[in-house]
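Single-structure report; data block below.
The values are calculated or read from the model by the stated rules, or taken from the named source; none is laboratory data. What you see is a predicted model; the values in this text were computed from it and never measured. Neighbour counts are summed over all protein chains in view; Cβ atoms, including those assigned to glycine, are modelled from backbone coordinates with ideal geometry. Note: areas computed on protein heavy atoms with side chains; ligands, DNA, RNA excluded. Shrake-Rupley method; radii C 1.70, N 1.55, O 1.52, S 1.80 Å.
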Amino acid sequence: MEEEAAKRLAQEGHNELPSQKKQGLLGILLNILLEPMLLLLLGSGLIYLLLGEPDDALMLLFFVFVVVGITFYQERKSERALDALKNLSSPRALVIRNAKQRRIPGREVVREDVIILREGDRIPADGNVLFCSNLLVDESMLTGESLAVRKSDWDGKTKPANPGGDDMPFVYSGTLVVQGHGMVKVTMTGIHTEMGKIGKALQTITQEETLLKKETSQLVRNFAIAGMILCILVVIIYGMTRGDWLNGLLAGVSLSMALLPEEFSVVLLIFLSMGAWRMSKRQVLTRRMPAIETLGSATVLCVDKTGTLTMNRMILSSLFSRAQFYDLSTNGDLPLPEIYHELLEFSNLASQVDPFDPVEKEIKNGTDKFLLDSEHIHENWKLVREYPLSKNLLALSNVWEYNDRHVIAAKGAPEAIIDLCHLDEAHKKELLTHVQTMANNGLRVLGVARAMFQDDIFPEIQHDFNFEFIGLIGFTDPVRSSVPAAVSECYTAGMRVIMITGDFPGTAMHIARQIGLKNPDRIITGPQLSRMSMTELQEKIKATNIFARVVPEQKLAIVNALKANGEIVAMTGDGVNDAPALKSAHIGIAMGQRGTDVARESSAIVLLNDDFSSIVAAVRLGRRIFDNLKKAITYIFSVHVPIAGLALFPILFGLPLILLPSHIAFLELIIDPACSVVFEAEKDENNIMQRPPRNLKEKLFDRKNLVRSLFQGLSVLFFTLIVFVFALYLGKGENEARTITFAMLVIANLALIISNLSSERSILKIFNSGNNALWMVVKGALFSLILVLFVPLFRNLFHFSLLHFDDLIIILSGGILNLMWISLINIKLR
């Protein structure tokens with residue numbers, strides 16, 4: 001079956017619709033060539049041609065090719081990262097291949113696959129219904145009808161029809177299972193489905209204009225306006241004072257290049273896309289980019305207990321029947337006493353024949369282990385009716401037929417089973433005491449009941465059967481080993497952890513103590529929550545970290561109460577009913593393994609391994625991304641201050657030009673990879689999870705960063721101007737003074753990179769941090785500087801002169817002073 005599926009996938013292609021047309025290589029190149037920096041370089045080349053300097057023009061053209069190459073590489077890298085994320089975000093499908101259930105990406109579904117559908121699944125392809133039970137499907141995407149339609153089994157003859165209408169044996173790609181379950185054989189995939197015929201392109205990853213994008217766009221716009229005004233002033237001043245309008249235009253273009261921080265938008269794109277890619281490597285899929293910004297600001301993590309804090313690997317641990325307990329954890333290898341056989345038998349009868357749910361799997365395993373080859377296994381019985389779990393009654397029942405008689409097996413929440421059995425208050429109180437005892441030991445408890453029924457027409461509700469209580473079964477779900485440390489890290493990072501579960505308060509409190517949750521004795525139950533006003537809930541939730549016996553719909557009230565208290569909320573969810581809470585939370589986190597498609601579509605983040613520690617790792621990474629982004633922006637602003645100053649200073653004071661367009665282009669070849677690759681790859685600070693969550697209103701480039709940048713930039717400008725003026729004072733020529741100053745500026749640029757990479761680590765530790773990109777940029781910059789200083793061809797093109805020994809001493813001394821001074825500034829400004 002796997003081999004056949006692989007062949008069909010190769011022949012017919014992936015099960016996906018044509019998405020938005022991808023940007024081609026020519027399109028990417030055209031967008032790059034329209035960048036302001038490259039247009040300024042090309043303009044400078046044209047001016048050099050008019051001045052009769054073809055060598056300078058060719059050199060600038062070479063820089064254009066290099067910058068285009070670097071930018072093209074960065075854009076393609078980001079695009080590939082986003083493509084990988086888009087593939088990961090494909091809806092999942094549960095298929096049967098080689099007689100085994102497998103969960104695969106929806107895009108890998110092929111014709112003839114058999115798919116298992118459950119409530120909340122997004123149907124991945126068109127198909128025929130082989131078997132279904134209470135299967136209702138929302139087909140409004142195709143028909144416009146808001147009411148879900150009922151499905152029936154395919155008779156093997158009926159031909160496919162248009163969507164819509166009850167009791168049709170066909171399902172369609174893109175529609176949503178709202179109730180029941182079933183099994184479907186795929187008939188059409190991709191563009192051949194009904195969805196494909198309509199021609200809708202489903203896009204999961206959306207590109208949104210984030211707060212960071214708006215802020216950086218505003219910064220670039222302000223700098224561009226300032227650059228344009230100064231450029232015009234410089235051209236006018238230079239032309240009027242020196243009578244050389246072409247060189248004045250060249251000086252103006254140089255200043256514009258020095259002031260234009262076009263790196264901002266590139267840095268933001270690379271940080272967010274690479275950050276999302278890094279998160280996916282840690283089993284966290286980012287579906288919406290703003291989530292990366294918000295993660296570092298989260299103050300509360302609301303998480304499900306089962307499967308997130310625990311392993312979702314239910315182990316049958318305890319049985320209670322006829323007023324007696326039996327501990328399977330200590331007696332599991334012994335034969336099961338007879339009085340518990342009926343309890344296990346009806347637990348199995350109340351489960352799916354081929355279960356997927358962990359609880360039902362464990363029941364089946366226990367039945368096979370203790371009751372195999374006994375009269376309690378009924379392979380010849382026929383399942384004729386199912387009563388599903390509902391929010392009004394947390395119990396389900398299966399009706400089995402044998403010898404014209406009907407046996408009903410029910411299991412569910414103990415309160416629901418007790419209610420079905422219509423027990424008197426004394427018996428009910430006694431049973432709930434036993435339930436509480438099991439729950440206090442951390443067990444998930446289910447009640448089991450049985451009934452007999454003679455008629456062929458079944459009642460509409462389970463309450464109409466005459467149920468008899470059999471007993472209780474208890475399961476233990478081990479806590480994930482990584483969770484206690486992750487919870488502790490959350491508290492250190494200033495974040496609350498709230499556990500939400502449908503289990504008993506005793507079970508929740510037992511788990512809370514195991515994982516180190518604060519205030520484990522304070523608890524709010526679902527019934528209590530339903531009776532609270534929003535004001536009362538807002539007050540009580542301030543000190544309550546456990547919610548038990550909660551139904552999914554109540555999660556929305558919890559989220560809204562936390563938001564009303566000013567918290568930034570991250571909420572996990574996996575079911576259809578979790579979708580409103582996931583949408584309402586600042587960060588909705590869906591479960592990737594056990595979550596429904598509708599939950600994933602409502603979320604900003606998908607947890608691929610359903611592990612709580614991955615959420616904490618994502619928060620750490622979110623903080624690191626924003627932290628490094630701030631460092632990169634600080635560096636960009638700092639490095640443009642001396643470049644702009646050196647371009648403007650000679651014009652204002654009638655001195656020879658220091659920086660020409662080719663010099664600024666050379667510096668950009670260092671700045672671009674440094675601010676994007678080097679800062680993005682820098683590891684997080686040691687104290688990053690010891691800081692309080694970031695205020696969402698905190699700006700990327702605030703007053704503190706502005707002061708730091710100005711101090712750093714003006715310091716570099718001061719040292720380089722001193723060197724330039726000192727060189728002229730010593731009688732060195734224009735070219736030699738320019739050479740010394742430029743070399744000093746390159747060294748100072750590297751000093752800015754190193755000093756801004758970390759506010760905590762020393763320079764030695766920064767070099768030993770494992771940031772390979774830093775070494776590549778430093779080595780590349782120094783090697784390139786040596787080439788332009790000592791290779792005659794490049795030296796002449798850059799209008800440099802040969803350096804003497806005393807020149808090198810000046811450069812080295814100035815570089816060391818620069819680094820020491822900038823490091824001192826950073827220490828003072830911490």
Out of region 172-196, which residues are closer than 13 Å to ASP113 by Cβ and aliphatic (A, V, I, L, M)? MET183, VAL184, VAL186, MET188
Apart from one, (1) crowded, with 22+ Cβ neighbours inside 10 Å; (2) farther than 19 Å from ILE546 by Cα all hold for GLY307; the odd one out is (2)
Test for VAL448: is it out of contact with any His (no Cβ under 8 Å at 6 or more places or on another chain) and in contact (Cβ under 8 Å) with a residue 40 or more places away in the chain: yes
Taking LEU517 as the residue in question, decide whether it is in contact with a His (Cβ under 7 Å, 6 or more places away or on another chain) and within 27 Å of MET314 (Cα to Cα). no
Total residues in region 732-746, condition surrounded by fewer than 23 Cβ atoms within 10 Å (Cβ to Cβ) and among the β-branched types (Val, Ile, Thr): 1
Filter pass, GLY780 being more than 20 Å from GLU734 (Cβ to Cβ) and small (Gly, Ala, Ser): yes
Suppose the filter is buried (at least 21 other Cβ atoms within 10 Å of the Cβ), out of contact with any Cys (no Cβ under 7 Å at 6 or more places or on another chain), within 30 Å of PRO520 (Cβ to Cβ) and of a type in the set (D, E, K, R); does LYS429 pass it? no
Would you be able to tell me the number of residues in region 755-781 that are loosely packed, with under 13 Cβ neighbours inside 10 Å and either without any contact (Cβ under 8 Å) to a residue 12 or more places away in the chain or in a helix (DSSP H, G or I) (or both)? 7
If I ask for residues that are more than 19 Å from the chain's Cα centre (by Cα) and either surrounded by fewer than 16 Cβ atoms within 10 Å (Cβ to Cβ) or part of a helix (DSSP H, G or I) (or both), which ones from region 482-496 would you list? SER482, VAL483, PRO484, ALA485, VAL487, SER488, GLU489, TYR491, THR492, GLY494
Among the residues of region 280-295, which ones are open to solvent by 10 Å² or more (accessible area, probe 1.4 Å), part of a helix (DSSP H, G or I) and touching a strand residue (DSSP E or B) at 6+ places or on another chain (Cβ under 8 Å)? SER280, THR294
Against the definition (surrounded by 16 or more Cβ atoms within 10 Å (Cβ to Cβ) and either out of contact with any Cys (no Cβ under 7 Å at 6 or more places or on another chain) or assigned to a strand (DSSP E or B) (or both)), how does ILE418 come out, yes or no? yes
Open to solvent by less than 70 Å² (accessible area, probe 1.4 Å), in contact (Cβ under 8 Å) with a residue 60 or more places away in the chain, among the small types (Gly, Ala, Ser) and outside any helix (DSSP H, G or I), is that true of SER801? yes
State which residue is surrounded by the fewest Cβ atoms within 10 Å (Cβ to Cβ) when the search covers only region 699-713 and only residues that are closer than 20 Å to ARG623 by Cα and in contact (Cβ under 8 Å) with a residue 40 or more places away in the chain. LYS704
Select from region 296-332 the residues that are under 18 Å from LEU582 (Cβ atoms) and assigned to a loop (DSSP other than H, G, I, E, B) and list them in ascending order. SER297, ALA298, THR299
I need a count of the residues in region 346-376 that are in contact (Cβ under 8 Å) with a residue 24 or more places away in the chain, in a loop (DSSP other than H, G, I, E, B) and open to solvent by less than 50 Å² (accessible area, probe 1.4 Å). 5
Can you tell me which residue among PHE742, PHE724 is touching a Pro at 6+ places or on another chain (Cβ under 9 Å), modelled with pLDDT of 85 or more and within 23 Å of ILE786 (Cα to Cα)? PHE724
Residue identified as in a helix (DSSP H, G or I) and either open to solvent by less than 50 Å² (accessible area, probe 1.4 Å) or acidic (Asp, Glu) (or both) among ILE786, ILE722, ILE825, ILE816: ILE825
Run ARG549 past the list (1) at pLDDT below 90; (2) at negative phi and report the number of the one that doesn't hold. (2)
Can you find a residue in region 333-345 that is part of a loop (DSSP other than H, G, I, E, B), in contact with a Ser or Thr (Cβ under 8 Å, 6 or more places away or on another chain) and open to solvent by less than 80 Å² (accessible area, probe 1.4 Å)? no
